[in-house]
1. Pick from Pro427, Pro432: which is at pLDDT 95 or above, out of contact with any helix residue (DSSP H, G or I) (no Cβ under 9 Å at 6 or more places or on another chain) and open to solvent by 40 Å² or more (accessible area, probe 1.4 Å)?
2. Take Leu130 and tell me if it is open to solvent by less than 10 Å² (accessible area, probe 1.4 Å) and in a strand (DSSP E or B).
3. Taking interchain pairs and intrachain pairs at least six residues apart, which have beta carbon atoms under 9 angstrom, with the first residue in the stretch 58-76 and modelled with pLDDT under 95 and surrounded by fewer than 24 Cβ atoms within 10 Å (Cβ to Cβ) and the second assigned to a strand (DSSP E or B) and of a type in the set (A, V, I, L, M)?
4. Give the stretch 366-393 a look and list any residue that's in contact with a Lys or Arg (Cβ under 8 Å, 6 or more places away or on another chain) and among the small types (Gly, Ala, Ser), or say none.
5. Being of a type in the set (A, V, I, L, M), touching a Pro at 6+ places or on another chain (Cβ under 9 Å), crowded, with 24+ Cβ neighbours inside 10 Å and modelled with pLDDT of 95 or more is the requirement here; does Leu313 meet it?
6. Would you mention how many residues in the stretch 71-109 are more than 20 Å from Ala220 (Cα to Cα), of a type in the set (A, V, I, L, M, F, W, C) and assigned to a loop (DSSP other than H, G, I, E, B)?
7. Suppose we filter Leu392, Leu386 for residues that are at pLDDT 95 or above, open to solvent by less than 10 Å² (accessible area, probe 1.4 Å) and assigned to a helix (DSSP H, G or I); which single one remains?
Amino acid sequence: MRHTGGGIGRRGMVAAATGLAASLLVSGSGAFGQRRHGGDDGHGGDGGRGGDGKSRGRRRTEEFRGMWVATITNRDWPSKPGLPPAEQRAELLALLDHAVERRLNAVILQVRPSADALWPSPYEPWSQVLTGTQGKDPGWDPLGTAVEEAHRRGLELHAWFNPYRVATHADPTRLAPSHPARLNPDWVVTYGGKLFYDPGLPEVRRFVEDAMLDAVRRYAVDAVHFDDYFYPYPVAGQVFDDDAAFAAYGGGFPDRAAWRRDNIDRLVRETSERIAQVRPGTRFGISPFGIWRNAATDPLGSDSRGLQTYDDLHADTRKWVKERWIDYVAPQLYWHIGFAAADYAKLLPWWNETVRGTGVHLYVGEALYRAGDPAAPAPWQDPAELSRHLTLAHEYDHVLGHAFFGARDVVADRIGAMARVVADHYPTQIRPPAR
């Protein structure tokens, strides 16, 4: 997540700690899906479409308008660790109120930023973003409050989890003494100066599913949300050391990359199945890096030239849509219209066609944080760039809304890009697409 010329970085301000999108320059069972989705469910249709996939007809009466709230490194909330519970709560409610003022209808709250929790979890310690000390009880229930107060305001609350990140540092002794990563050191891989759970271990996969689903069991969240971190983004000159897991479980796969993809496929499929068992009706969404594969690598890929989730993160995002293991996909299309390596105007129709016929909803991730960033290229200095994204997206029949990163940028709106989006596209409140 570095800003390098016209390159990417979803959350440049915290350099990869936030958990969505790194630098562009680094270069199952269908039967279950049929239970979750009834094929092309009609929400993508905007009153008709042409052969080019573009929308024909009336304005939508339902639309997703989301806002990510990142808690990792206190990016969006709380403003700093150690605030009294009343102040933390007041800041949270203020963000929800801002969402309503901007005529949004969903908040995607990061509740498990680093293998820890923003609710009283029996599996993992309290997050240090609350008190400054991992494992210390903050004296209130942030997730429970967020669900109740979001619903009170007519907002959906999507609980955002990062499955495998353990820490944004490489020192296990800095974790809470009771942290599962300290109790099970063989679960952990150090890579790129950070700690990760090893996705290749079945016991790890079961544990992280259990830890995340505890929140679904306790609270009426509207959706479970994953970001783009599965296997970590590549770091030049470093190797993710999963030799032992591959030796134990990699038999029968043509290579390590195929085995790794299968590990992540299993996580996604099993999470999908278990959500339906624990709280039927709760949705499952993922916001991947915006490129599945480049067309130069795979004819099914997009007209782009950047990092590929299939090859670099071992995340077969297109498969998850086609198998209907997820209810919505929110690809991070964090590039301006006309950017040569990853043109928003070329990736948008690729995703529109990818979801066609699946019933999986498509919500586009938008880089509000780049608007007015001095390090971003010239198009991002224009307050109208994001509004042009929505204008273009409205032409495509399966684009059912947008999500904006991140909450502090919705509030600050440094060059008025969000205000422009609201003025041009959000004249009234609207409900999210039906399930």
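The values are calculated or read from the model by the stated rules, or taken from the named source; none is laboratory data. Bear in mind that the values here come from a model prediction, so they are computed numbers and not experimental data. Cβ sites come from the backbone with ideal geometry, for glycine too, and all protein chains shown count toward neighbours. When the accessible area is computed, the model is the full protein with side chains, heavy atoms only, and any ligands, DNA or RNA have been set aside. Shrake-Rupley method; radii C 1.70, N 1.55, O 1.52, S 1.80 Å.
1. Values: Pro432 fails: open to solvent by 40 Å² or more (accessible area, probe 1.4 Å).
On inspection, the qualifying residue turns out to be Pro427.
2. Numbers: open to solvent by less than 10 Å² (accessible area, probe 1.4 Å): yes; in a strand (DSSP E or B): no.
Judged against the criteria, Leu130 is not a match.
3. Qualifying pairs under 9 Å: Arg60/Leu400.
4. Residues satisfying the conditions are Ala367, Ala371, Gly372, Ala376, Ala384, Ser387.
5. Details: of a type in the set (A, V, I, L, M): yes; touching a Pro at 6+ places or on another chain (Cβ under 9 Å): yes; crowded, with 24+ Cβ neighbours inside 10 Å: no; modelled with pLDDT of 95 or more: yes.
No, not satisfied.
6. 2
7. Working: Leu392 fails: open to solvent by less than 10 Å² (accessible area, probe 1.4 Å).
Only one candidate passes the filter, namely Leu386.
This table checks each residue for (1) in contact with a Ser or Thr (Cβ under 9 Å, 6 or more places away or on another chain); (2) open to solvent by 30 Å² or more (accessible area, probe 1.4 Å); (3) farther than 27 Å from Val268 by Cα; (4) not in a helix (DSSP H, G or I).
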residue: Trp140; (1), (2), (3), (4): no, yes, yes, yes
residue: Gly144; (1), (2), (3), (4): no, no, no, no
residue: Leu157; (1), (2), (3), (4): no, no, no, yes
residue: Ala181; (1), (2), (3), (4): no, no, no, no
residue: Thr190; (1), (2), (3), (4): no, yes, no, yes
residue: Pro199; (1), (2), (3), (4): no, no, no, yes
residue: Arg205; (1), (2), (3), (4): no, no, no, no
